[in-house]
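A short worksheet on the structure shown next.
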Amino acid sequence: MTLNKPWADFLDELGGIARFATRFFAQVFRPRYEGAELLRQCFLIGNLSLPLVGLTSFIMGLVLTMQLRPSMVEYGVESQIPAMVAIAVVREIGPVIIALIFAGKIGSSIGAELGSMKVTEQIDAMEVSGTNPFKYLVVTRVLATTLMLPVLVLIGDSIMLFGSFIGVNIYTVTSFPLYISQAMDSLTFQEFLPAILKTFFFGFAVGIIGCYKGFHTSRGTEGVGRAANSAVVVSSVWIFILDLLAVQITDLLGYN
Amino acid sequence: MKQKAWNNIKLGVFVLAGLLLLIAGLYLIGKDTNLFSRNYILRAQFSNVEGLVVGNNVRYSGIQVGTVKEVKFLSDTLIEVRMVVEEDMQSIIRKDDIASVGTDGLMGNKIINIAPGRTGAPLAVENDLLRTEEGNSTEAMLAKLALTNNNLLEISNELKKTVQNINTSRNLWRLLNDESLPASVLESLANIRRATEKAQATVADLQTIVADVKAGKGTVGQLLRDTAMAVSLADAVKGIRQLENRADTLATQLSELVTTLDNDLATGKGPVPAALHDSLMVQKVHSILSRVDTSAARFNENMEAMKHNFLFRGYFKKQEKEKQKQAQAPQQ
Amino acid sequence: MDTLPAITPAPAANSPQSLVLEASHVYKSFGSNHVLMDFNFQLYKGENVVILGKSGSGKSVFIKCVIGLLQPDKGSIVVLEQDITSLRNEALDHLRAKVGFLFQSNALYDSMTVRENLEFPMRRHWLAGQQRNSESLVQEVLENVGLAHTINMMPAELSGGMRKRIALARTLILNPEIILYDEPTTGLDPITAREIGNLMLEMGRKYNTSAVIISHDMNCIKLVADRIVLLYDGKAYANGTYEELRRSQDNIVKQFFE
Ligand SMILES: Nc1ncnc2c1ncn2[C@@H]1O[C@H](COP(=O)(O)OP(=O)(O)OP(=O)(O)O)[C@@H](O)[C@H]1O
Ligand SMILES: [Mg+2]
């Protein structure tokens, strides 16, 4: 075995994350259930990300429309802007951009929080206080990210489309109902549902990787920073990998 | 404690907003598939549905009123289409209304168009069979285009045959040599042959394009969704038709001439031997050949334009520029 | 091991005594770092035993083994008549509810207020009856450590000494039978340190708790220790009262008392 170090590290981490995820599934359906903590995490992870997601989504929708417009006008298909933006936003840009922002905000905060809990022995303290820290800290957070990201994406997608609506109205006058019907007519369930479904996986990846990084923070406070940083990097990469898998699977199932 | 309850309320609002948007999204996407409104069923029978599939839209005088629910064979020549139509339309659609299979835009999805019958028949009820009419302008145009292609193929085949005739006809060659027709005639013959080959290649190209267009796929299929393209397509079809006629007559004339010449020369009687000394006759052959020549050139040009028409809008501009250049060239 | 100083296995005072904690032949290593090698330890009811040792000698590792945070590689640790190395889940939680642990780094939950920090172990250990008067209990324990006014503060707003005292309060709130103190007085001024020491003694007397105390603070040790165990080279190198060890002629023991 002469794996060079980066590869060995990469595989080691992959195995670690896989085992961590297995542990999550082994524990998630077994009592005791940390319902109150789950709700608290959902609030912290979902609600408190909304302003950031909302702002970036709005700008994204607006900019996308303004950037697309010149070429669409040149091809004489200006009226197709809502349809095109809707497909781009719902199928790809919404899920991926929002998941990346989510990874930046939530992945790092989970990594840093659990990391500092780890190095200051708070996780041990929990364990001796009759609490399974994996259940209390990891299961709740991973469930919260998995459940909240789709909600954020639904809201973010809508805000992006609203931003695009504003973008269209900068140049021409299009009523809101017309815009919505133009945008939505181009979409089908086969495009909408897989796009929403994949965000569950994105959310899961952000949660599980953030928790893994936090839980495996090496001793010392600078380890906390590293945990937060690599939680974001690794989960962002995984979002893209999962996105690639998602498009291939939907393609395979003939939903493309 | 109070803060916590408040946070939970906010979380509830947040999740509810997401759920509502999900439902709204599903509704807006699904409203064309009639998942959420009340409907009734209407039927129509066709001999050819031209690729209509389940889920295609049903329009009444251009307004979305439902979708196709089922397409099935009743016999080998009869296909029944069952449509789900919004309940509101029960007070509008009549038994005599005419359903036809059409296309959304030039290259869009297939649709069922229902047009008012205007004979004052009673209102249609659940499961009623509507009158039908087959084919519409777009369909017809594409059919015409396909037909045009076939004709072109025939013409080019004929041209080829003629050229072969000319080539293999010893007598004619002898005639031409003996009578020392201008060298340009020989050239013309070579041109005809070249034009024929080219025409065949172009026809093959065109056929694949038309097939793609019919299936609505490929870049061409996409481009054709644009209305401007539709217009130029129609123009092109018209152009081909004209060309076709001209080439047709030429080919016939030519082959007639060749056969007569051949026959006369072989038998050694009739007007031909005499005519051979007639400079008028020579001139006639000459002019026919030159007409074939220019026509072949124009034919090529047209085919070229046709190709470019599908793929590049800028072709005509390019041609214009070249013409301008040529116009300027002599002045220098 | 013949250089060992005289060892008195049981405390001189209040016998006959029941054993509440007994570790025998404990081995623990991290890779090639052999931390505990054949470590033996006994704790009797009502006794305060100090574990003394160099930094990195494995004191924290040992008491983490006692509470089940770490698994020893070999050997048995019997806590309140149960072998902690073989307990799982609920049984382990039940035992842990009777054993308090004061962490070296306090381990206060950053995201919770002082009140929530104190309530946490109460809510989590399903101890019947405790739940109802949690409010007054929190008040009482906070008053015991003299920090009643911090009840709604976050740990980040407290000084190091205050945090230590809150951590102590959190350890005491469940009324454990055994308390494991990991350096309870490090980083505190001498006055506070003495207060903490006295508090530890008081709690011990009041509820007849036993305690294992890890400390380098000689004043504190002198104050609270009924007995001292010197952890050296992974073993219980010496064992005796403060006075006994102070007068020891052994070179290694002497180093700690200079
Ligand atoms: N989880 C762990 N993984 C790897 N090594 C560890 C772990 N915990 C402790 N060690 C190692 O065990 C040895 C003993 O550590 P321990 O924390 O018990 O020291 P200590 O006696 O408490 O020292 P101090 O007085 O400084 O707290 C150290 O060398 C440390 O590196
Ligand atoms: Mg220590």
Of the numbered conditions (1) buried (at least 22 other Cβ atoms within 10 Å of the Cβ); (2) more than 14 Å from chain B (Cβ to nearest Cβ); (3) modelled with pLDDT of 95 or more; (4) over 25 Å from residue A:126 (Cα atoms), residue A:240 fails exactly one; give the number of that condition. (1)
For residue C:107, indicate whether it is buried (at least 19 other Cβ atoms within 10 Å of the Cβ) and in contact with a helix residue (DSSP H, G or I) (Cβ under 9 Å, 6 or more places away or on another chain). yes
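Of a type in the set (A, V, I, L, M, F, W, C) and at pLDDT below 90: does that describe residue C:107?
Working: of a type in the set (A, V, I, L, M, F, W, C): yes; at pLDDT below 90: no.
Criteria not met by residue C:107.
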Here are some residues: C:168, C:180, C:174, C:201. Which one is within 15 Å of the chain's Cα centre (by Cα), surrounded by fewer than 17 Cβ atoms within 10 Å (Cβ to Cβ) and either outside any loop (DSSP other than H, G, I, E, B) or more than 16 Å from ligand 1 (Cβ to nearest atom) (or both)? C:201
Anything in the stretch A:42-75 that is farther than 25 Å from residue A:144 by Cα and within 12 Å of another protein chain (Cβ to nearest Cβ)? List them, or say none. A:72, A:74, A:75
Test: residue C:79 is crowded, with 22+ Cβ neighbours inside 10 Å, within 14 Å of another protein chain (Cβ to nearest Cβ) and in contact with a strand residue (DSSP E or B) (Cβ under 6 Å, 6 or more places away or on another chain): yes
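Can you name every residue in the stretch C:52-62 that is surrounded by fewer than 24 Cβ atoms within 10 Å (Cβ to Cβ) and under 14 Å from the mean Cα position of the chain (by Cα)?
Taking the stretch C:52-62 and keeping what is surrounded by fewer than 24 Cβ atoms within 10 Å (Cβ to Cβ), we get C:53-57, C:60-61.
Once the filter is applied, which keeps residues that are surrounded by fewer than 24 Cβ atoms within 10 Å (Cβ to Cβ) and under 14 Å from the mean Cα position of the chain (by Cα), the stretch C:52-62 yields C:60, C:61.
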Residue pairs meeting the criteria (Cβ under 8 Å; at least 6 apart or on separate chains; first at pLDDT below 95, in the stretch A:194-211; second surrounded by fewer than 24 Cβ atoms within 10 Å (Cβ to Cβ) and not in a helix (DSSP H, G or I)): A:194/A:255
Working carefully through the options C:230, C:245, find the one that is under 17 Å from the mean Cα position of the chain (by Cα), surrounded by 16 or more Cβ atoms within 10 Å (Cβ to Cβ) and under 19 Å from residue C:48 (Cα atoms). C:230
Which ones in the stretch C:93-110 are more than 8 Å from chain A (Cβ to nearest Cβ) and within 14 Å of residue C:69 (Cα to Cα)? C:95, C:100, C:102
Within the stretch A:114-157, track down each residue that is away from chain B (no Cβ under 14 Å) and touching a Ser or Thr at 6+ places or on another chain (Cβ under 7 Å). A:115, A:118, A:119, A:120, A:121
Taking the conditions exactly as written (of a type outside the set (Asp, Glu) and more than 9 Å from chain A (Cβ to nearest Cβ)), does residue C:71 satisfy them or not? yes
Of the residues in the stretch C:212-247, how many are within 16 Å of ligand 2 (Cβ to nearest atom) and not in a helix (DSSP H, G or I)? 11
Select from the stretch A:23-41 the residues that are more than 19 Å from the chain's Cα centre (by Cα), away from every other protein chain (no Cβ under 14 Å) and closer than 25 Å to residue A:105 by Cα and list them in ascending order. A:23, A:25, A:28
I'm checking my understanding of the structure. Among residues of the stretch C:18-55 that are assigned to a loop (DSSP other than H, G, I, E, B) and out of contact with any Leu (no Cβ under 9 Å at 6 or more places or on another chain), which one is nearest to ligand 1 (Cβ to nearest atom)? C:55
May I ask you to list the residues in the stretch C:45-88 that are closer than 13 Å to residue C:23 by Cβ and within 14 Å of ligand 2 (Cβ to nearest atom)? C:51, C:58, C:59, C:61, C:62, C:63, C:64, C:65, C:66, C:67, C:70
Pairs please, first residue from the stretch C:182-194 and outside the structural domain of residue C:50 (by TED's automatic domain parsing), second anywhere and at pLDDT 85 or above and more than 12 Å from ligand 2 (Cβ to nearest atom), Cβ atoms under 9 Å, 6+ apart in sequence or on different chains. none
Which residues, taken from the stretch C:231-258, are of a type outside the set (S, T, N, Q) and within 30 Å of residue C:174 (Cβ to Cβ)? C:231, C:236, C:242
Just checking, how many residues over the stretch B:122-149 are surrounded by 13 or more Cβ atoms within 10 Å (Cβ to Cβ) and at pLDDT 85 or above? 7
Can you tell me which residue in the stretch A:153-191 is nearest to residue A:246 (Cα to Cα), limited to those that are surrounded by 16 or more Cβ atoms within 10 Å (Cβ to Cβ), at pLDDT 90 or above and touching a Leu at 6+ places or on another chain (Cβ under 7 Å)? A:154
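The values are calculated or read from the model by the stated rules, or taken from the named source; none is laboratory data. Because the structure is predicted, anything quoted here is derived from the model rather than measured. Heads up, the Cβs are rebuilt from the backbone with ideal geometry, glycines too, and the neighbour counts pull from every protein chain shown.
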